[in-house]
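The values are calculated or read from the model by the stated rules, or taken from the named source; none is laboratory data. Keep in mind it's a predicted model, so treat the numbers as computed, not measured. Note that each Cβ is placed from the backbone with ideal geometry, even for glycine, and that neighbours are counted across all protein chains shown. Side chains included, ligands, DNA and RNA excluded: accessible areas come from the protein's heavy atoms. Shrake-Rupley method; radii C 1.70, N 1.55, O 1.52, S 1.80 Å.
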Amino acid sequence: MAEAKKLGNFEGNDIELCRTTNVRAGNHTTRLLMEEQIPFTKISKRIPFFRREKYQGASEVLVISINPHRYGQARRVLDRLELIDRQRLVLSNY
């Protein structure tokens, strides 16, 4: 019997909310999540040198993960971000 594939970043019980290479957008996102008291984890992952072209030369990508039960609430919080910051996020589709 085939196993179901889990998309995105699954570490423990958390699921990926979004990722970005822009520090400002990541800081604004985490600030809004803290204001709404939504628990999250923020992990910075290094991008290998030969894959940086895909990320427009960025050396790190910031991954924000949350509890799956708070996903809907967190997505509504992200709607409050400024347009320029929201465009710099890559949102998951759960």
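Scanning region 44-74 for residues that are without any contact (Cβ under 8 Å) to a residue 24 or more places away in the chain and under 24 Å from N13 (Cβ atoms) gives S44, K45, H69, G72. The helices (runs of 4 or more DSSP H) located wholly in region 20-94 that include 2 or more residues which are open to solvent by 100 Å² or more (accessible area, probe 1.4 Å) occupy 23-35, 83-87.
The residue that is modelled with the highest pLDDT, counting only those in region 1-38 that are out of contact with any strand residue (DSSP E or B) (no Cβ under 7 Å at 6 or more places or on another chain) and within 12 Å of S65 (Cα to Cα), is N13.
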